[in-house]
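Colleague: Have a look at this one before I ask anything.
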Amino acid sequence: MEKNLEKQSNRSFKIVVFGPESTGKTTLAKQLSAHYNAVYVPEYARIYAEAKQQKGETLTSEDVLPIAKGQLRLECKASGNPILICDTDILETLTYARIYYPKFESETLKKYVLKNNANLYFLTYIDVPWKADGIRDLPNKRETAFLEFQATLKNYNQPYMLLTGNPMVRFQKAVTAIDKLLENY
């Protein structure tokens, strides 16, 4: 990966909304961004997948590193702002790579994952209805996917909070957790 992608600002307070597809990540990330007047960093994998889909192409393991680079570029572009609210990050890219391509290995991606830290991950649970959108395709593997996401956070020793309940309950729990962290930041 490119050298300049390594230069993430440590000055930003970074929150990542993390978890399987169709668990309310984008909704929550946008709500938190608005609430804190923070920079919203979108999910690059969705942008990338939609562009490939428009060309009639499907994602392959060859797309994992370009997706990771794209996500890092979005975060680097936003770094330096006081608060970043990320709708996923490259740890999510790594997790999806393991789900979709079990034999996928990339020491480069693992290296960047280790350098890419957040103050807190919000792991979104699968207790909200799954909604088809043309990109999502794992409605029958939600529990397996959730467990993989949780294992990734544990394996990489990342601070996280499990969010369950309806969108308003999740938002309120997230705000309480962020406010507590910001008091000590």
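Values in this text are rule-based calculations from the coordinates and carry no lab data. Everything numeric here is computed off the predicted structure, so don't read it as measured data. We place every Cβ from the backbone using ideal geometry, glycine too, and count neighbours over all the protein chains shown.
Colleague: What's the exposure ranking of 76, 86, going from fewest to most Cβ atoms within 10 Å?
Modeller: 76, 86
Colleague: Treat the count of other C-beta atoms within 10 Å as a stand-in for reagent exposure and order 161, 168 from fewest to most.
Modeller: The fewest-first ordering by Cβ neighbours comes to 168, 161.
Colleague: Only loop residues by DSSP count here, and only those with at most 15 other Cβ atoms within 10 Å; note down the GluC sites (Glu not before Pro) in the range 97-172 that meet that.
Modeller: Here the GluC sites (Glu not before Pro) that fit, given the DSSP loop and packing criteria, are 105.
Colleague: For 67, 47, 126, what's the fewest-to-most ordering of other Cβ within 10 Å of each Cβ? The partial results should precede the final answer.
Modeller: Details: 67 23, 47 13, 126 19.
By the 10 Å Cβ count, ascending: 47, 126, 67.
Colleague: If you don't mind, there's one more thing I want to ask. Chymotrypsin sites (Phe, Trp or Tyr not before Pro) within the range 71-176: which are DSSP loop residues with at most 11 other Cβ atoms inside 10 Å?
Modeller: The qualifying sites: there are none.
Colleague: For residue 26 and residue 166, compute 0.36 nm times the residue count separating them, minus their Cα-Cα distance, and round to one decimal in nm.
Modeller: 49.0 nm
Colleague: Write out the trypsin sites (Lys or Arg not before Pro) in the range 129-176 meeting two conditions: DSSP loop, and at most 14 other Cβ atoms within 10 Å of their Cβ.
Modeller: Sparse-neighbourhood loop trypsin sites (Lys or Arg not before Pro): 131, 136.
Colleague: Which whole DSSP H helices in the chain pass both tests: a Cα extent of 27 Å or more along the axis and a mean Kyte-Doolittle value no lower than 0.5? Walk me through the numbers before you get to the answer.
Modeller: Values: long enough: none.
None pass (Cα extent of 27 Å or more, hydropathy at least 0.5).
Colleague: For the chain, what is Rg from Cα atoms divided by 2.2 N^0.38 Å, rounded to two decimals?
Modeller: So the chain has a normalised radius of gyration of 0.97.
Colleague: Using a simple charge model, +1 on the beta-carbon of Lys and Arg, -1 on the beta-carbon of Asp and Glu, nothing else, what dipole does the chain show about its Cα centre, in debye to the nearest 20?
Modeller: So the magnitude is around 280 debye.
Colleague: Right, next: What is the extension gain from residue 62 to residue 108, computed as 0.36 nm multiplied by their sequence separation minus the C-alpha to C-alpha distance, in nm to one decimal?
Modeller: Gain in length upon complete extension: 15.2 nm.
Colleague: Could you pull out the pairs from 30/69; 14/115; 69/173; 52/115; 25/115; 52/111 whose alpha carbons sit more than 20 Å apart here?
Modeller: 30/69; 69/173; 52/115; 25/115; 52/111
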